[in-house]
Amino acid sequence: MEQMTTRQMRDFLRAAGRYEHDAFEYELGLETRLKHVPAMQDRGPVVAYYAVYHTRAGGYGVEVMSVADVRQYAAKYSKGAKKNRGPWATDFDAMAKKTVVKQALKYAPIATELMRATAADETIKSTTEGGDMLDEPDETVIDVEPVAVGEPEQDHAAEEGAQANG
């Protein structure tokens, strides 16, 4: 699904590491600003990761996570990271970039194709003859028993007062 989101709506997507000696400015607000000038030598260790996307419609998004934030995310959401196994152990840099991209894309506009696929995923289909599940008719049925609704109770005090005056 992430592939559908980015394929249709983005013009540019980049993830990178920010090293200790790089010039780096990041400012949130109505006009988010990010400027990264990598040091030409002796960059030091990575201290943060960031992702930037630009949409074809002119929108953009930025996400920045410190290495500590990325490690905390991995510990919370990845079983492999908790056991120091898998790609979090063998290729932390790539996993950190993937994580920051996913966090940035949470706020990206969703492509029509993605919305359609998500809606179709929540339906019941009895045939796949057409080859494309999105084109098959929705056969979702919701069985509901009718419930009789009684007359609303009337205000007896007001009714009695009207009879006494009448």
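Values in this text are rule-based calculations from the coordinates and carry no lab data. Small disclaimer: the values here were computed from a predicted structure and weren't measured. Cβ: placed from backbone, ideal geometry, glycine included. Neighbour counts: every protein chain shown.
Quick notes on this structure:
- The length gained by stretching the chain between TYR26 and ASP11 to full extension, at 0.36 nm per residue less their Cα-Cα distance, is 3.3 nm.
- Full-extension gain in nm, TYR107 to ARG56, via 0.36 nm per residue minus C-alpha separation: 16.8 nm
- Using the Cβ-Cβ distance between LEU34 and ALA89 with R0 set to 30 Å, the FRET efficiency from 1/(1 + (r/R0)^6) comes to roughly 0.55.
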